[in-house]
Amino acid sequence: MTIQYEPMSPGAWKDPYPIYQELREKAPLHRGPESGIYCLSRHEDVAFALRNAQIFSSRGMQEVLFDRGGMRPGLRDLPALARFFIRARVNPLRRNAQGGGLIGTDPPEHDALRSVVNRGFTPRRVAAWEPRMREIAAAHVGALEADEAFDVVRDLAIPLPVTVIAEMLGVQGERMRDFKRWSDAIVSAATGTKRDAGLAGMLDPMGEMRQYMASIIPERRRNPKDDLISVLVDPRHEDTLDEDQVFGFIVLLLVAGNETTTNLIGNATVTLLDHPAELEHVQADPALVPQMVEEVLRYDTPVHLLFRSTTQEVELSGGKLPAGAQVAVILASANRDPRVFDDPDRFDVTRTSNTHIAFGFGVHFCLGASLARLEAKVAMEALVPHLPKRRRSSEELDYIDSFLVRGPRSLELIVSA
Ligand code: HEM
């Protein structure tokens, strides 16, 4: 029987791992029957694609996420386009020189952009946030200490990364709630089941955000502060970002940075509760937390897939890909490939050789990897001591509406009887 897998369909969201195994074994160069998108599922092929940006272009991110189906502008989108134009005072369909921004651009344009944004994420800058992260986490786990109901997603996994990124950007506290609303709406409109509803779901939050940012960006250029936006527009550097680029980068930070870290913390909690012996290990030896976080990144990868498009014909382990093919690169499948990981479906917090590719690989390797690792470590150190006396309020898990990122939408913990 042929495999019916479609990378952008919700069919396998609940438990995608059996289908990934089937793809790796039987169809390592599967082609989505409706979308025509090729799917790479073996670690070797996924790593090859990410390593060879000249053959596997990141323009595929833009092409698949925004230039297909419901995301193509049509007559029904005119009101949303008009609203965006009025709020943001720019044409939403205008593409700047870099087209897809940092994540959708290839070298050498990508490298120029990346060297500017790297300034904001140096190891020193990231490490300096640890005390503040601990403060935020401690303030949020108060309900756990008081034995009250606690939703890990709502009460910790969402507020920690959103607060950190908003404070890093220098955004006013009262707009933080809007930041989360904008980022949820963008992820859902671009990668969720409402994708076919058209551009409005995406343009409305982007327009509101752009309107807010329009006042902040020029202000920081005139009066730089000690925040991320100031670093990006600092006039003392020759290569700074223009307003479109800063805006595109902030949207990327919100979406790539918040949703993913929230899901990592949510997935870590679900996985530990489902594996009491592993939870006991971590409880007995809290120094295992960073290693446990790496194992969760492998075992329940927050970003399931990326897209690329081929610039030439290329031979992979499963066969030949033509030039101009759109390709889904399934990180979550690569991270369970038995050719690379012993007993890959086992969650093992003491696993030592863990070459997962949850943060990607090569030129686009996640800019925020060390920030995400630190946030997850801080969050799990605060949570783990409370987990043995808690259980999920419901057996059923509701996953967020996205084919791209995976994590529980909510995760209420109650005190075990
Ligand atoms: C668990 C959390 C995270 C995961 C799993 C994750 C995953 C990824 C992956 C797989 C990529 C590669 C994209 C590609 O090759 O096309 C990526 C890129 C990126 N990530 Fe993350 N990410 C996380 C957290 C963060 C955070 C906290 C930030 C920033 C605050 C961030 C910012 C970015 C940016 C800006 C890029 C684009 C880099 C480039 O194109 O050069 N990410 N991330």
Of the conditions (1) farther than 22 Å from THR260 by Cβ; (2) surrounded by fewer than 21 Cβ atoms within 10 Å (Cβ to Cβ), the single one that LEU321 does not satisfy is (2)
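Report yes if LEU279 is within 17 Å of ARG390 (Cβ to Cβ), in contact with a Lys or Arg (Cβ under 7 Å, 6 or more places away or on another chain) and in contact (Cβ under 8 Å) with a residue 40 or more places away in the chain, otherwise no. Spell out how you get there, then give the answer.
Numbers: within 17 Å of ARG390 (Cβ to Cβ): yes; in contact with a Lys or Arg (Cβ under 7 Å, 6 or more places away or on another chain): no; in contact (Cβ under 8 Å) with a residue 40 or more places away in the chain: yes.
For LEU279, the condition - within 17 Å of ARG390 (Cβ to Cβ), in contact with a Lys or Arg (Cβ under 7 Å, 6 or more places away or on another chain) and in contact (Cβ under 8 Å) with a residue 40 or more places away in the chain - is not met.
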Complete set of residues in region 103-128 that are within 13 Å of GLN245 (Cβ to Cβ), near the ligand (Cβ under 9 Å from one of its atoms) and either hydrophobic (A, V, I, L, M, F, W, C) or over 21 Å from the mean Cα position of the chain (by Cα) (or both): ILE103, LEU113, VAL117
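Among the residues of region 1-8, is any surrounded by fewer than 16 Cβ atoms within 10 Å (Cβ to Cβ), β-branched (Val, Ile, Thr) and not in a strand (DSSP E or B)?
Yes, there is a match, as at least one residue in region 1-8 is surrounded by fewer than 16 Cβ atoms within 10 Å (Cβ to Cβ), β-branched (Val, Ile, Thr) and not in a strand (DSSP E or B).
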Would you check which residues across region 110-128 are in a loop (DSSP other than H, G, I, E, B) and not aliphatic (A, V, I, L, M) and list them? THR122
Report, by residue number, each residue of region 163-182 that is touching a helix residue (DSSP H, G or I) at 6+ places or on another chain (Cβ under 6 Å) and more than 24 Å from ALA128 (Cβ to Cβ). TRP182
Top-ranked residue of region 369-417 - restricted to ones that are touching a Ser or Thr at 6+ places or on another chain (Cβ under 7 Å) and of a type in the set (Val, Ile, Thr), ranked as nearest to THR262 (Cα to Cα): VAL405
Give the residue that is nearest to PHE307 (Cα to Cα), with candidates limited to residues of region 49-73 that are modelled with pLDDT of 95 or more and assigned to a loop (DSSP other than H, G, I, E, B). SER58
For region 304-319, does any single residue satisfy the condition of being on the phi > 0 side of the Ramachandran plot, more than 11 Å from the ligand (Cβ to nearest atom) and part of a strand (DSSP E or B)? yes
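Okay, residues lined up against (1) in contact with a helix residue (DSSP H, G or I) (Cβ under 9 Å, 6 or more places away or on another chain); (2) of a type outside the set (Ser, Thr, Tyr); (3) within 9 Å of the ligand (Cβ to nearest atom); (4) part of a helix (DSSP H, G or I):
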position: GLU295; (1), (2), (3), (4): yes, yes, no, yes
position: SER333; (1), (2), (3), (4): yes, no, no, yes
position: ARG336; (1), (2), (3), (4): yes, yes, no, no
position: ARG339; (1), (2), (3), (4): yes, yes, no, no
position: HIS356; (1), (2), (3), (4): yes, yes, no, no
position: ALA372; (1), (2), (3), (4): yes, yes, yes, yes
position: LEU383; (1), (2), (3), (4): yes, yes, no, yes
For region 32-47, how many residues meet the condition of being within 8 Å of ALA334 (Cβ to Cβ), in a loop (DSSP other than H, G, I, E, B) and among the β-branched types (Val, Ile, Thr)? 0
Would you mind stating whether PRO131 is away from the ligand (no atom under 15 Å from the Cβ) and assigned to a helix (DSSP H, G or I)? yes
Of all residues in region 340-363, which are more than 25 Å from TRP13 (Cβ to Cβ) and loosely packed, with under 14 Cβ neighbours inside 10 Å? ASP342, THR350, THR352, SER353, THR355
Would you mind listing the helices (runs of 4 or more DSSP H) fully within region 233-291 where at least 1 residues are over 28 Å from ALA382 (Cβ atoms), within 16 Å of the ligand (Cβ to nearest atom) and modelled with pLDDT of 80 or more? 243-252
Checking SER183 against (1) among the small types (Gly, Ala, Ser); (2) more than 30 Å from GLU238 (Cβ to Cβ); (3) away from the ligand (no atom under 14 Å from the Cβ), which test does it fail? (3)
So if I check each of LEU81, LEU160, LEU113, which one is in contact with a helix residue (DSSP H, G or I) (Cβ under 9 Å, 6 or more places away or on another chain), at pLDDT below 75 and among the aliphatic types (A, V, I, L, M)? LEU81
Looking only at region 384-408, which residues are exposed (fewer than 13 other Cβ atoms within 10 Å of the Cβ) and among the basic types (Lys, Arg)? LYS389
Does ARG177 count as of a type in the set (Lys, Arg) and touching a residue at least 40 places away in the same chain (Cβ under 8 Å)? no
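The values are calculated or read from the model by the stated rules, or taken from the named source; none is laboratory data. Bear in mind that the values here come from a model prediction, so they are computed numbers and not experimental data. Positions of Cβ are backbone-derived with ideal geometry, glycine not excepted, and every protein chain shown enters the neighbour counts.
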